[in-house]
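Input: a single structure, listed below in structure tokens.
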There are 2 protein chains.
Amino acid sequence: MRALITGGGGFVGQHLCDHLLRCGDEVVSLGLGSQNERPGVTTVAVDIQDFDAVERAVRETEPHCIYHLAAISFVPSCEKNFLQALQVNVGGTFHLVKAATSLTDMPKFVMISSGEVHAGTTAAELPLTEHTPPAPTNAYSTTKVMAETVVLTAARTAGLPYVIMRPFNHLGPGQDDRFMASSFAAQLIQIKHHKKPPVLEVGDLTAERNFTDVRDIVRAYRRAAEQGSGTYLVGSETTKMVSEVLDELIRLNGVLVEKKTDSARLRGHERSRVALKPQFTRVKELGWLPEIQLSTTLADMLAWWDARI
Amino acid sequence: MRALITGGGGFVGQHLCDHLLRCGDEVVSLGLGSQNERPGVTTVAVDIQDFDAVERAVRETEPHCIYHLAAISFVPSCEKNFLQALQVNVGGTFHLVKAATSLTDMPKFVMISSGEVHAGTTAAELPLTEHTPPAPTNAYSTTKVMAETVVLTAARTAGLPYVIMRPFNHLGPGQDDRFMASSFAAQLIQIKHHKKPPVLEVGDLTAERNFTDVRDIVRAYRRAAEQGSGTYLVGSETTKMVSEVLDELIRLNGVLVEKKTDSARLRGHERSRVALKPQFTRVKELGWLPEIQLSTTLADMLAWWDARI
């Protein structure tokens with residue numbers, strides 16, 4: 001399969017590139033910056049906000065599928081500069097979709113959305129399935145809903161084959177330490193190497209999330225590209241409190257620490273949200289199941305930071 | 001009531017300003033350009049893409065309600081420059097909503113969306129009500145769905161009081177002749193004054209639409225601002241074929257013409273769409289009914305062009 005990927009230099013994109021290459025796919029990565037360069041991957045320097053460049057790259061690649069991951073994913077960045085988030089997250093999707101529908105053999109469009117689009121789902125709307133209407137609660141998840149709208153419109157009007165993937169929390173080596181679990185792992189490794197006092201700054205530890213290894217998640221993306229259609233909630237049914245994840249990281253790291261709440265890490269709307277317990281029936285029908293144990297994921301995250309700090 | 005309005009210089013905005021003034025409201029119009037200036041209306045020169053300016057104007061006005069009409073509404077413009085449509089139609093909404101939620105006494109936010117968000121609704125989804133999921137089919141209606149998403153997110157997270165209005169086709173004096181019925185009227189008046197041969201360029205005449213006078217539509221907006229909540233389909237239950245509207249215009253104009261199909265006026269996705277027959281139950285519960293007969297609307301449109309050609 002010839003795959004075109006955007007955001008291939010990001011946390012998830014790098015793992016997806018690795019997985020596609022292992023599967024024997026040809027991989028063309030669209031994006032700016034050296035982080036997009038990866039052995040075995042053809043990189044095309046394209047700004048997703050430039051339609052002509054996107055169209056040229058898509059026409060020259062003639063991909064069988066497009067994995068669209070490129071997005072500004074850090075919530076505060078989206079809140080602060082919403083117009084930019086619109087341009088990149090929504091406009092970029094529009095450009096890719098428009099280029100895809102201009103091909104005679106339209107590629108399968110794999111839109112990587114987010115489970116965050118359901119963050120505002122109320123208890124009355126549960127159980128959470130692919131039929132539950134999105135209920136975004138911040139500027140980032142709002143742009144993801146909008147990007148889904150772009151894909152659905154192209155499917156409706158031009159017959160674009162697509163899947164929309166809504167992954168829930170995913171973890172793994174290489175994640176930016178602006179994200180919670182990776183921030184914990186990075187701090188713990190710093191503490192282990194005496195580069196930081198044994199005090200860990202934490203946010204809301206009582207929140208419940210379902211955590212999945214990023215390497216499992218990207219397998220679901222390729223599976224859906226091959227066989228899927230429509231929308232998929234993607235994740236693991238095992239729900240953990242953030243505190244359990246942290247305690248496991250501390251145990252694996254083998255160094256005692258004190259936990260200290262940092263109010264800057266408490267996001268207003270997330271605290272009160274209901275435990276969603278999403279139903280992953282559809283993605284399982286593709287024959288996909290998460291395989292990596294949480295403790296393995298967390299150990300790999302610590303090892304990744306250990307090699308870098 | 002102190003009302004803040006965006007897009008007050010546009011076709012609908014001008015009629016809304018007139019109606020609000022007649023009702024005794026104080027009207028502050030946000031926008032650039034001399035078309036926003038209107039006797040009795042306070043104009044503030046603000047580009048909706050400039051958040052700081054929008055916030056300042058909203059804070060200084062402290063409106064009881066905000067009528068948000070400003071948008072790039074011409075479909076081909078949105079298709080051609082989607083990033084600009086995003087900035088204005090979606091980013092502009094985000095800026096206004098953010099400014100509105102920053103006020104202690106949050107104004108009622110009247111989001112003027114469009115019945116076009118249902119253009120892709122299938123026969124299986126009928127009857128069309130406010131519960132029917134949006135199904136946009138072009139770049140313009142896609143941005144309207146996105147703007148609705150912005151409003152709904154603010155309602156969910158910040159408690160913004162809102163109504164979303166989805167008006168169906170509306171007509172009246174002052175409409176841009178890029179829109180069908182107004183184009184017919186303008187051409188007919190040109191023919192009447194021998195400024196054009198008696199040949200009328202038309203698009204798809206078989207399409208069925210429900211047409212409502214813009215002056216009725218804006219009454220619904222104010223009614224909803226006062227008493228409404230949630231989403232409203234707005235329009236008249238009388239469905240007409242475009243050909244009937246045209247024939248009535250020709251009859252009123254009193255000059256025989258030949259009709260000639262102009263392929264540039266045929267929009268691909270509109271031709272095959274189902275007759276939606278929307279149910280206007282919710283807006284009627286506000287005590288609103290369209291009052292102006294179609295023949296009156298069409299006569300007024302001809303008179304408007306007659307005064308200008």
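The values are calculated or read from the model by the stated rules, or taken from the named source; none is laboratory data. Remember, it's a predicted structure, so these values are computed and weren't measured experimentally. For neighbour counting, all protein chains shown are included, and Cβ atoms are generated from backbone atoms with ideal geometry for every residue, glycine included.
Couple of notes before you dig in:
- Residue within region A:17-24 that is within 14 Å of another protein chain (Cβ to nearest Cβ), basic (K, R) and within 21 Å of the chain's Cα centre (by Cα) present: no
- Scanning region B:65-90 for residues that are among the small types (G, A, S) and buried (at least 23 other Cβ atoms within 10 Å of the Cβ) gives B:A70, B:A71, B:S73, B:A85.
- Of all residues in region A:140-173, those being within 12 Å of chain B (Cβ to nearest Cβ) and under 17 Å from A:L69 (Cα atoms) number 13.
- From the options A:S77, A:S114, A:S102, residue that is more than 9 Å from chain B (Cβ to nearest Cβ) and at pLDDT below 95: A:S77
- Some residue of region B:151-169 being at pLDDT below 95 and touching a strand residue (DSSP E or B) at 6+ places or on another chain (Cβ under 9 Å): yes
- In the set B:P127, B:P107, only one residue is more than 16 Å from the chain's Cα centre (by Cα), away from chain A (no Cβ under 13 Å) and modelled with pLDDT under 95; that residue is B:P127.
- Residue ranges of helices (runs of 4 or more DSSP H) in region A:245-309 with at least 1 members modelled with pLDDT of 95 or more: A:281-285, A:294-306
- Hey, B:E55 away from chain A (no Cβ under 12 Å), among the acidic types (D, E), closer than 28 Å to B:A139 by Cβ and in a helix (DSSP H, G or I) or not: yes
- Exactly one residue out of B:A70, B:A3, B:A57 is among the small types (G, A, S) and more than 19 Å from the chain's Cα centre (by Cα): that is B:A57.
- Looking across region B:203-218, just one residue is out of contact with any His (no Cβ under 6 Å at 6 or more places or on another chain) and part of a helix (DSSP H, G or I), and that is B:D216.
- Test: residue in region A:104-122 that is under 18 Å from B:V145 (Cα atoms), surrounded by fewer than 20 Cβ atoms within 10 Å (Cβ to Cβ) and of a type in the set (S, T, Y): no
- Selection of region B:191-201 for residues being touching a residue at least 12 places away in the same chain (Cβ under 8 Å), buried (at least 16 other Cβ atoms within 10 Å of the Cβ) and either over 10 Å from B:K260 (Cβ atoms) or in contact with a Ser or Thr (Cβ under 6 Å, 6 or more places away or on another chain) (or both) yields B:I191, B:K192.
- Of the residues examined, A:P134 is one that is outside any strand (DSSP E or B), within 14 Å of chain B (Cβ to nearest Cβ) and not hydroxyl-bearing (S, T, Y).
- Odd one out for B:T121 among (1) touching a strand residue (DSSP E or B) at 6+ places or on another chain (Cβ under 8 Å); (2) part of a loop (DSSP other than H, G, I, E, B); (3) within 14 Å of chain A (Cβ to nearest Cβ): (1)
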